[in-house]
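S.K.: Okay, handing you the structure first.
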Amino acid sequence: MIDLKLLQKDFEGVSAKLTRKGVSAALLTTLKEKFESLRVAKQEFETLQAAQNAMSKEFGVYKREGKDISELKARVDANKIKVTEAVEVQRERQEELEKIAMAVPNMPDDSVPDGKDEEDNIELKKVLTPKEFGFTPKEHWELAEQNGWIDFERGVKLATSRFSVSFGMGARLERALINFMLDFNRERGFEEVSVPALVNRQALEGTGQLPKFEDDLYKMDGQELFLIPTAEVPVTNLYADEILTADELPKRMTAYTSCFRKEAGAAGRDTRGMIRQHQFHKVELVAITTPDTSEIMFEQMVSCASDILTALELPHRLVNLCTGDLGFGAAHTTDIEVWLPGQNQYREISSISNTREFQARRAKIRYKNGKKNELVNTLNGSSLAVGRTLVAIMENNQNEDGTIDIPEVLRPYLGM
RNA sequence: GGACAGCUGGCCGAGUGGUCGAAGGCGCUCGCCUGGAACGCGAGUAUAGGGCAACCUAUCUAGGGUUCGAAUCCCUAGCUGUCCA
């Protein structure tokens, strides 16, 4: 959530930043007014409540001393009506404010380039050069089917479209990748955690998926539980509502989970193959830091993900997301795109974001800075999306006859 | 699925309608003591919001109710434990 106090103190500044994310100044003005009117309502309530409390105390004294209470009772009853009204007003304003505030995205950092969509993202650097093929490289679904690694039809039979089944070496490679990535991250100082795949509404509000993006989440029938769209949700929320000590920070965690997305609004995109599935495997990095160290952590996380691809000998590039492509909660994001020779383009395989205080404010994750409690910074990033990594291996390591070379670093994981 | 018990501050634990934001202990912080430490002694030690100082408001799992007044009584939900199926 954005800082409403800051909005009030520096309306122009906040407004300028959020305008770049397409938030209208009119909405922010409304937000500011609602915040102010809530403050007034709170004050009114508190004044009345203070009077009520004082009279109630007096009441006790009267009783003990055996005095007549009828006059006091009349006063206290009259005041109570006002208190009840004030509570109602306050509640209404609180709800109105939250409804708007929770749907406002994070402020982008100044380093985020302006832009409409992924076309306007800025390439930061390329790592490894795509190799030349002496033949026309195939796309991954063709290779996957030819090698018997992935069965798209049977996935549809079991569930619905955008589900697939891995067989044999395809399935083993997925598992090898997961283990390799987790081990790699652990060696970089990220503690492995294993978390629930179902989370409640509060957790999703904490990280920003709710209330705005409910349409893209799978919800349990009749229960306030949702399948996680990313491990970022359970892992970040591990410390929701907590006050960490300074020496506990930074928290660095890595988790493997399945991720579930309805992909609402992605109709027609990547319908073939396993680029965009309703269920996919992902290894995630999450960090919780002090505000002054979050950028160092960010760089470490980007390196971690990039180095995994390098270890797998997969050419990739880093891109700085523009305002139009930036996610709801991110202050800035670096995407890692892997080269897919079959598609002849770079495709997203990892997304690393610093949300700064945005999630911390929603999830109430704080730390003790001396005497004061301050909000932490939270960061998250994929390292990596497993299915897409498998896709990249297939397309980059294919031979003319359709066979696929297994990357050196994965061989120990496959008993090779 | 059924029955019962419980959920209090970082932890343990007292508190059955007003003087309770909450005894006591542990832990932690600071000071004294010491060559140094333990022991001992003294002081402090929740969070949020508002005034931005005194102070005020809220919070004893959550939500609702009774009452002038609720940690304390009632209802609902969640969680934990025990027993039964």
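The values are calculated or read from the model by the stated rules, or taken from the named source; none is laboratory data. Fair warning: this is a prediction, and the values are worked out from it, not measured in the lab. A quick note on method: Cβ atoms are made from the backbone with ideal geometry, for glycine too, and the neighbour counts reach across all protein chains shown. The area values use the complete protein model at the heavy-atom level, side chains included, leaving out ligands, DNA and RNA. Shrake-Rupley method; radii C 1.70, N 1.55, O 1.52, S 1.80 Å.
S.K.: Determine whether region A:292-299 contains at least one residue that is β-branched (Val, Ile, Thr) and farther than 25 Å from A:ASN397 by Cβ. Lay out the reasoning, then the answer.
M.R.: Filtering region A:292-299 for residues β-branched (Val, Ile, Thr) gives A:293, A:296.
From what's left, farther than 25 Å from A:ASN397 by Cβ: A:293, A:296.
Among the residues of region A:292-299, at least one is β-branched (Val, Ile, Thr) and farther than 25 Å from A:ASN397 by Cβ, which makes the answer yes.
S.K.: Let me ask something else. Could you check A:ASP77 against (1) open to solvent by less than 70 Å² (accessible area, probe 1.4 Å); (2) more than 8 Å from RNA strand B (Cβ to nearest atom) and say which number it fails?
M.R.: (2)
S.K.: Might you check whether a residue that is in the same structural domain as A:ARG356 (by TED's automatic domain parsing), closer than 30 Å to A:ASN399 by Cα, charged (D, E, K, R) and open to solvent by less than 80 Å² (accessible area, probe 1.4 Å) occurs anywhere in region A:115-128?
M.R.: Looking for residues that are in the same structural domain as A:ARG356 (by TED's automatic domain parsing), closer than 30 Å to A:ASN399 by Cα, charged (D, E, K, R) and open to solvent by less than 80 Å² (accessible area, probe 1.4 Å), one finds at least one in region A:115-128, hence yes.
S.K.: Further question: Taking the residues in region A:241-280 that are of a type outside the set (A, V, I, L, M) and within 16 Å of RNA strand B (Cβ to nearest atom) as candidates, determine which candidate is most open to solvent (accessible area, probe 1.4 Å).
M.R.: First, the residues of region A:241-280 that are of a type outside the set (A, V, I, L, M): A:241-242, A:245, A:247-248, A:250-252, A:254, A:256-263, A:265, A:268-273, A:276-280.
Next, only the ones that are within 16 Å of RNA strand B (Cβ to nearest atom) stay: A:241-242, A:245, A:247-248.
Values: A:ASP241: 91, A:GLU242: 74, A:THR245: 61, A:ASP247: 135, A:GLU248: 72 Å².
Filtering first and then ranking leaves A:ASP247.
S.K.: Tell me yes or no: at least one residue of region A:5-25 is touching a residue at least 40 places away in the same chain (Cβ under 8 Å), within 13 Å of RNA strand B (Cβ to nearest atom) and either closer than 28 Å to A:GLY115 by Cβ or open to solvent by 70 Å² or more (accessible area, probe 1.4 Å) (or both).
M.R.: Within region A:5-25 (the criterion being touching a residue at least 40 places away in the same chain (Cβ under 8 Å), within 13 Å of RNA strand B (Cβ to nearest atom) and either closer than 28 Å to A:GLY115 by Cβ or open to solvent by 70 Å² or more (accessible area, probe 1.4 Å) (or both)), the answer is no, since none of the residues qualifies.
S.K.: Okay, next question. Count, please, the residues in region A:158-175 that happen to be open to solvent by less than 60 Å² (accessible area, probe 1.4 Å) and more than 26 Å from A:ALA264 (Cβ to Cβ). Before you say what the answer is, go through the steps one by one.
M.R.: Taking region A:158-175 as the starting set, the residues that turn out to be open to solvent by less than 60 Å² (accessible area, probe 1.4 Å) are A:159, A:162-166, A:168-171, A:173-174.
With more than 26 Å from A:ALA264 (Cβ to Cβ) added as a condition, the list becomes A:168-171, A:173.
Counting residues in region A:158-175 that are open to solvent by less than 60 Å² (accessible area, probe 1.4 Å) and more than 26 Å from A:ALA264 (Cβ to Cβ) gives 5.
S.K.: Sticking with this structure for a sec: Looking at A:ALA86, A:ALA103, A:ALA74, A:ALA78, can you tell me which residue is of a type in the set (Gly, Ala, Ser) and within 30 Å of A:GLY329 (Cβ to Cβ)? Can you show your working first?
M.R.: On the way: A:ALA86 fails: within 30 Å of A:GLY329 (Cβ to Cβ); A:ALA74 fails: within 30 Å of A:GLY329 (Cβ to Cβ); A:ALA78 fails: within 30 Å of A:GLY329 (Cβ to Cβ).
Answer to the selection: A:ALA103.
S.K.: Between A:GLU337, A:GLU408, which is in contact with a strand residue (DSSP E or B) (Cβ under 6 Å, 6 or more places away or on another chain) and under 30 Å from A:GLU132 (Cβ atoms)? Steps first, please.
M.R.: Values: A:GLU408 fails: in contact with a strand residue (DSSP E or B) (Cβ under 6 Å, 6 or more places away or on another chain).
Testing whether each residue is in contact with a strand residue (DSSP E or B) (Cβ under 6 Å, 6 or more places away or on another chain) and under 30 Å from A:GLU132 (Cβ atoms) leaves just A:GLU337.
S.K.: Sticking with this one: Kindly check whether there is at least one residue in region A:43-55 that is under 23 Å from A:ALA363 (Cβ atoms) and near RNA strand B (Cβ under 9 Å from one of its atoms). Step through it out loud before you land on a result.
M.R.: Here is the first cut: in region A:43-55, the residues under 23 Å from A:ALA363 (Cβ atoms) are none.
There is no residue in region A:43-55 that is under 23 Å from A:ALA363 (Cβ atoms) and near RNA strand B (Cβ under 9 Å from one of its atoms).
S.K.: Tally up the residues in region A:26-42 that are of a type outside the set (Ser, Thr, Tyr), within 16 Å of RNA strand B (Cβ to nearest atom) and open to solvent by less than 60 Å² (accessible area, probe 1.4 Å), please.
M.R.: Residues flagged as of a type outside the set (Ser, Thr, Tyr), within 16 Å of RNA strand B (Cβ to nearest atom) and open to solvent by less than 60 Å² (accessible area, probe 1.4 Å) within region A:26-42 amount to 6.
S.K.: Looking at this structure, is A:ALA197 under 14 Å from A:SER258 (Cβ atoms), open to solvent by less than 70 Å² (accessible area, probe 1.4 Å), of a type outside the set (Asp, Glu) and modelled with pLDDT of 95 or more?
M.R.: No: the conditions fail for A:ALA197.
S.K.: Return only the number of the condition from (1) more than 33 Å from the chain's Cα centre (by Cα); (2) away from RNA strand B (no atom under 16 Å from the Cβ); (3) more than 30 Å from A:ASP335 (Cα to Cα); (4) exposed (fewer than 15 other Cβ atoms within 10 Å of the Cβ) that A:GLN146 does not satisfy.
M.R.: For A:GLN146, the failing item is (4).
S.K.: Same structure again: Of the residues that make up region A:61-70, is at least one open to solvent by 60 Å² or more (accessible area, probe 1.4 Å) and within 9 Å of RNA strand B (Cβ to nearest atom)?
M.R.: To start, the set of residues in region A:61-70 that are open to solvent by 60 Å² or more (accessible area, probe 1.4 Å) comprises A:63-68, A:70.
Add one more test, that the residue is within 9 Å of RNA strand B (Cβ to nearest atom), and what stays is A:63-64.
There is at least one residue in region A:61-70 that is open to solvent by 60 Å² or more (accessible area, probe 1.4 Å) and within 9 Å of RNA strand B (Cβ to nearest atom).
S.K.: List pairs: first in region A:364-380 and more than 24 Å from A:GLU205 (Cβ to Cβ), second modelled with pLDDT under 90 and more than 9 Å from RNA strand B (Cβ to nearest atom), Cβ under 8 Å, 6+ apart or cross-chain?
M.R.: Close Cβ pairs satisfying both conditions: A:LYS368/A:LEU244; A:LYS368/A:THR245; A:LYS368/A:ALA246; A:ASN369/A:ALA246.
S.K.: Report, by residue number, each residue of region A:294-332 that is β-branched (Val, Ile, Thr) and touching a residue at least 60 places away in the same chain (Cβ under 8 Å). Even if it seems obvious, please write down each step before you answer.
M.R.: The first filter runs over region A:294-332 and keeps only residues β-branched (Val, Ile, Thr), leaving A:296, A:302, A:308, A:310, A:319, A:323.
Passing the criteria: A:VAL302, A:ILE308, A:THR310, A:VAL319, A:THR323.
S.K.: When only residues in region A:215-240 that are among the small types (Gly, Ala, Ser) and either within 25 Å of A:ASN185 (Cα to Cα) or not assigned by TED's automatic domain parsing to the domain that holds A:VAL193 (or both) count, which is surrounded by the fewest Cβ atoms within 10 Å (Cβ to Cβ)? Lay out the reasoning, then the answer.
M.R.: Here is the first cut: in region A:215-240, the residues among the small types (Gly, Ala, Ser) are A:222, A:231, A:240.
Then drop every residue that is not either within 25 Å of A:ASN185 (Cα to Cα) or not assigned by TED's automatic domain parsing to the domain that holds A:VAL193 (or both), which leaves A:231, A:240.
Values: A:ALA231: 26, A:ALA240: 17.
By that ranking, first place goes to A:ALA240.
S.K.: Restricting to region A:80-109, name every residue that is surrounded by 13 or more Cβ atoms within 10 Å (Cβ to Cβ), among the polar types (S, T, N, Q) and more than 19 Å from the chain's Cα centre (by Cα).
M.R.: If the condition is that a residue be surrounded by 13 or more Cβ atoms within 10 Å (Cβ to Cβ), among the polar types (S, T, N, Q) and more than 19 Å from the chain's Cα centre (by Cα), then A:GLN90, A:GLN94 are the ones that fit.
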